[in-house]
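The block underneath contains the structure these notes are about, expressed in structure tokens.
The values are calculated or read from the model by the stated rules, or taken from the named source; none is laboratory data. Because the structure is predicted, anything quoted here is derived from the model rather than measured. Reconstructed Cβ throughout: ideal geometry from the backbone, glycine too, with neighbour counts over all protein chains shown.
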Amino acid sequence: MPELRALELLVEVGRTGSLSAAAETLHITQQAASSRIRTMESLVGVPLLVRTRRGSALTATGDLVVQWAGRVLEEAAQLDAGIAALRSDRRGHLRIAASLTIAEHLLPGWLVAVRAEQAQAGHVPTDFTMTATNSERVVVMVSAGEVELGFVEGPDAPAGLHHRLVGRDELVVVVARDHEWAHRSRRRVAASTLAATPLVVRETGSGTRTVLERALAGLPVAAPVLELSSTAAVRAAVVAGAGPAVLGAHAVRDDLVNGRLVAVTVTGLDLTRRLNAVWRDGTQPPAGPARELVARAVRSHRER
């Protein structure tokens with residue numbers, strides 16, 4: 001039988017189409033990932049991956065093994081959750097801190113799903129206490145032991161803490177519907193134009209601000225027109241005509257649907273950010289509800 005970690009790696013390769021991306025997601029070196037694949041191919045007796053210039057693709061056999069592996073990994077996750085459930089001293093309450101975008105748009109759904117799964121398994125659902133703040137403050141709280149688990153957003157995982165990638169998110173440039181950019185052909189602007197425009201921004205230390213600053217590095221950047229401490233305040237300022245802003249796609253979805261805001265494409269700019277779970281001790285999240293919550297977050301991203 002292949003090891004569970006090897007099966008998880010193969011599933012990630014199938015999802016991402018890249019051995020290096022799968023290795024990054026699972027926090028192992030590409031050399032270790034290649035070794036696991038070779039060992040699994042030796043067990044199966046036929047190639048599971050084919051390497052191309054664009055990355056790695058599953059062979060027909062590899063695709064079949066991935067289908068089987070999904071069921072095995074799901075059962076293993078249930079076994080892990082069941083074992084953690086035996087540790088009743090750690091199930092009653094969990095303190096969490098999360099960056100604002102995650103806290104407002106993703107975490108509530110994860111918490112509801114975890115509590116429902118616990119109830120369905122016959123366990124008393126965990127009581128969660130959540131603090132919503134910026135990513136920098138989340139890292140401080142986890143490092144100090146004020147909370148057992150944190151969720152942050154940004155271009156990189158924070159140093160000094162253990163982490164797991166739970167998903168990725170795109171930032172979106174938005175303007176009011178009467179803004180001049182909303183009426184441009186194809187609603188496009190250059191990265192240099194965005195950098196030279198006074199923006200409504202989040203405060204220093206927020207994951208959104210950090211990703212934006214990293215993306216615009218090397219370009220002459222105008223001073224912000226407003227600096228606000230919440231996503232809701234930034235959205236309201238943009239609607240009121242203060243200027244453009246760069247916000248998470250989750251945060252502006254409803255505004256884009258109802259026409260309160262208009263999305264503008266920026267050419268030559270990467271506005272992707274990583275969503276990471278972070279904790280202080282151990283290579284795995286703390287056993288019990290923390291580990292269940294991280295697993296739920298990962299599954300929710302894959303199911304999108």
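In the set PRO285, PRO289, which member is in contact (Cβ under 8 Å) with a residue 40 or more places away in the chain, touching a helix residue (DSSP H, G or I) at 6+ places or on another chain (Cβ under 6 Å) and over 27 Å from ARG184 (Cβ atoms)? Break it down into steps so the answer makes sense when it comes.
Values: PRO289 fails: touching a helix residue (DSSP H, G or I) at 6+ places or on another chain (Cβ under 6 Å).
Among PRO285, PRO289, only PRO285 is in contact (Cβ under 8 Å) with a residue 40 or more places away in the chain, touching a helix residue (DSSP H, G or I) at 6+ places or on another chain (Cβ under 6 Å) and over 27 Å from ARG184 (Cβ atoms).
Residue by residue through the stretch 244-270, note down the ones that are farther than 14 Å from ARG177 by Cα and of a type in the set (S, T, N, Q).
THR265, THR267
Is it true that some residue in the stretch 118-138 is of a type in the set (Asp, Glu), closer than 25 Å to ARG209 by Cα and touching a Pro at 6+ places or on another chain (Cβ under 9 Å)?
The first filter runs over the stretch 118-138 and keeps only residues of a type in the set (Asp, Glu), leaving 127, 136.
From what is left, the residues that are closer than 25 Å to ARG209 by Cα are 136.
So of that shortlist, the ones also touching a Pro at 6+ places or on another chain (Cβ under 9 Å) come out as 136.
Looking through the stretch 118-138, at least one residue is of a type in the set (Asp, Glu), closer than 25 Å to ARG209 by Cα and touching a Pro at 6+ places or on another chain (Cβ under 9 Å).
Would you point out which residue out of ALA249, ALA277, ALA215 is buried (at least 21 other Cβ atoms within 10 Å of the Cβ), within 21 Å of ARG188 (Cα to Cα) and of a type in the set (Gly, Ala, Ser)?
Values: ALA249 fails: buried (at least 21 other Cβ atoms within 10 Å of the Cβ); ALA277 fails: within 21 Å of ARG188 (Cα to Cα).
Among ALA249, ALA277, ALA215, only ALA215 is buried (at least 21 other Cβ atoms within 10 Å of the Cβ), within 21 Å of ARG188 (Cα to Cα) and of a type in the set (Gly, Ala, Ser).
Looking at the stretch 27-55, which of its residues are surrounded by 18 or more Cβ atoms within 10 Å (Cβ to Cβ) and either touching a strand residue (DSSP E or B) at 6+ places or on another chain (Cβ under 9 Å) or in a loop (DSSP other than H, G, I, E, B) (or both)?
ILE37, GLU41, LEU48, LEU49
Of these, VAL114, VAL124, which one is out of contact with any Leu (no Cβ under 7 Å at 6 or more places or on another chain) and either buried (at least 16 other Cβ atoms within 10 Å of the Cβ) or under 24 Å from ALA287 (Cα atoms) (or both)? Talk me through it step by step, then tell me what you get.
Working: VAL114 fails: out of contact with any Leu (no Cβ under 7 Å at 6 or more places or on another chain).
The unique qualifying residue is VAL124.
Regarding the stretch 278-295, can at least one residue be identified that is assigned to a strand (DSSP E or B), modelled with pLDDT of 95 or more and closer than 25 Å to LEU212 by Cβ? Show your work before the answer.
Taking the stretch 278-295 first, the residues assigned to a strand (DSSP E or B) are 278-279.
Pick out the ones that are also modelled with pLDDT of 95 or more and you get 278-279.
Those left that are additionally closer than 25 Å to LEU212 by Cβ: 278.
Yes, the conditions are met somewhere in the stretch 278-295.
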